[in-house]
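A.B. asks: Can you read through this structure? Questions will come right after.
The values are calculated or read from the model by the stated rules, or taken from the named source; none is laboratory data. Fair warning: this is a prediction, and the values are worked out from it, not measured in the lab. Counting neighbours? That spans all protein chains shown, and the Cβs are built from the backbone with ideal geometry, glycine included. Side chains are part of the model used for accessible areas, which takes the heavy atoms of the whole protein and leaves out ligands, DNA and RNA. Shrake-Rupley method; radii C 1.70, N 1.55, O 1.52, S 1.80 Å.
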Amino acid sequence: MASATNGVPPTGKSLIVSFGEMLIDFVPTVSGVSLAEAPGFLKAPGGAPANVAIAVARLGGKAAFVGKLGDDEFGHMLAGILKENGVSADGINFDQGARTALAFVTLRSDGEREFMFYRNPSADMLLKPEELNFELIKSPPHALCRSPLARVAYIGVKNRAKVFHYGSISLIVEPCRSAHLKALEVAKDAGALLSYDPNLRLPLWPSEEEAREQILSIWDKADVIKVSDVELEFLTKSKKIDDETALSLWHPNLKLLLVTLGEHGCRYYTKNFRGAVDAFHVNTVDTTGAGDSFVGALLSKIVDDQSIIEDEARLKEVLKFANACGAITTTKKGAIPALPTETEVLNLVKGV
């Protein structure tokens, strides 16, 4: 059996690296109640970038997570969950002076969420640029791979990021903001496809204006951007969910813009075409992680064939698969426990 490189199990697929936060979501055992009224809570691992990494691995892809956790029982539990799900944890640092972040998530009767965060500061906010594991992100210099012997020495080239995925929560405070920007720079210089899901969490930001400004401050770096309908409204200050509003977020270097619409599916925009893909209707219990599952599915399908973005028919098939992933994730409480396998997704797509 082939050995892992950088802690990444060999799958024959190229590596997708997710950067950002991982935390514990405490989800009420009963839907449609306030946090104070909840009789109990289920402990569910989460955090959007970590959800994406596990979604990729659950679908048979190769993933790694880069971030910081508390050197506490929750932090080591989360690192263990990554490993159990086939995600490399070699990009994780542990902070002895700060706790792992916690979030209490209220589930309304419609399955939508409200958040209360405990991070004052949490370990993920304290990641420093010098603590980053650049070997997971950057490719080796081409000059070192010219000879057959050198190519053997760098046989782990597929264990460097071909896709680098991130959100916006790591932009809120220093030093994590600087770590985010440094990782982004290294990934871009290494030629990785940059994937951005803002994952708006307003309670964590000092103000709406600060959130909007910082989220948009790295907008033109990304090759692929996914926003929800709520994020589209927030970023554009518009109540319209239409093509004109979506395309106001377009930038010249962007390859694919996606707007997820919950039970109404998603819309896609490229330089040459645009369209929509319908959702799958399921019994929704908890929408936590649905967008992350969608993103993980998309990235797992395009990581080794980015030409899919330029082929509308193939892209629509991939987005249909991604919609199915998102739908299945809403049928259980919590994000990571609900992320589907490829077999589960294909069964939904085929109507099995």
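A.B. asks: Would you check if Lys271 is open to solvent by 30 Å² or more (accessible area, probe 1.4 Å) and at pLDDT below 95?
C.D. replies: No.
A.B. asks: Quick check on the range 245-268: of everything there that is touching a helix residue (DSSP H, G or I) at 6+ places or on another chain (Cβ under 7 Å) and in contact (Cβ under 8 Å) with a residue 40 or more places away in the chain, which residue is most open to solvent (accessible area, probe 1.4 Å)?
C.D. replies: Lys255
A.B. asks: Sticking with this one: So for the range 129-149 (the condition being at pLDDT 95 or above, within 26 Å of Leu200 (Cα to Cα) and open to solvent by less than 30 Å² (accessible area, probe 1.4 Å)), does at least one residue qualify?
C.D. replies: Yes, some residue in the range 129-149 is at pLDDT 95 or above, within 26 Å of Leu200 (Cα to Cα) and open to solvent by less than 30 Å² (accessible area, probe 1.4 Å).
A.B. asks: Quick check on my filter: what residues within the range 274-284 are in contact with a Lys or Arg (Cβ under 6 Å, 6 or more places away or on another chain) and either in a helix (DSSP H, G or I) or open to solvent by 20 Å² or more (accessible area, probe 1.4 Å) (or both)?
C.D. replies: Ala276
A.B. asks: Scan the range 288-329 for residues that are open to solvent by 20 Å² or more (accessible area, probe 1.4 Å) and either without any contact (Cβ under 8 Å) to a residue 12 or more places away in the chain or not in a helix (DSSP H, G or I) (or both) and jot them down.
C.D. replies: Within the range 288-329, Asp304, Asp305, Ser307, Asp311, Ala313, Arg314, Glu317 meet the criteria.
A.B. asks: Could you check the range 158-169 and list, in sequence order, the residues that are open to solvent by 10 Å² or more (accessible area, probe 1.4 Å) and either of a type in the set (S, T, N, Q) or in contact with a His (Cβ under 8 Å, 6 or more places away or on another chain) (or both)?
C.D. replies: Listed by number, the list holds a single entry, Asn159.
A.B. asks: Does any residue in the range 26-52 that is part of a strand (DSSP E or B) come within less than 7 Å, Cβ to Cβ, of a residue that is basic (Lys, Arg) six or more places away or on a different chain, and which pairs are these?
C.D. replies: Within 7 Å, the pairs are Phe26/Lys43; Val27/Lys333; Leu42/Lys333; Ala44/Lys333.
A.B. asks: Take the range 330-347 and flag every residue that is surrounded by 20 or more Cβ atoms within 10 Å (Cβ to Cβ) and either among the acidic types (Asp, Glu) or in a helix (DSSP H, G or I) (or both).
C.D. replies: Across the range 330-347, the qualifying residues are Ile336, Ala338, Val345.
A.B. asks: How many of the residues in the range 183-213 are in contact (Cβ under 8 Å) with a residue 40 or more places away in the chain, within 18 Å of the chain's Cα centre (by Cα) and surrounded by fewer than 18 Cβ atoms within 10 Å (Cβ to Cβ)?
C.D. replies: Of the residues in the range 183-213, 1 are in contact (Cβ under 8 Å) with a residue 40 or more places away in the chain, within 18 Å of the chain's Cα centre (by Cα) and surrounded by fewer than 18 Cβ atoms within 10 Å (Cβ to Cβ).
A.B. asks: Those residues that are out of contact with any Asp or Glu (no Cβ under 6 Å at 6 or more places or on another chain) and of a type in the set (Gly, Ala, Ser), I need them from the range 56-69; list them, please.
C.D. replies: Across the range 56-69, the qualifying residues are Ala57, Gly61, Ala63, Ala64.
A.B. asks: Restricting the first residue to the range 53-73 and requiring it to be assigned to a helix (DSSP H, G or I), which pairs with a second residue that is open to solvent by 10 Å² or more (accessible area, probe 1.4 Å) meet a Cβ separation below 7 Å and a spacing of at least six or different chains?
C.D. replies: Ile54/Asn85; Ala55/Asp292; Val56/Ser300; Ala57/Asn85; Ala57/Gly86; Arg58/Asn85; Arg58/Thr341
A.B. asks: Got a number for residues in the range 74-102 being closer than 18 Å to Thr288 by Cβ, assigned to a strand (DSSP E or B) and open to solvent by less than 20 Å² (accessible area, probe 1.4 Å)?
C.D. replies: So the answer is 0.
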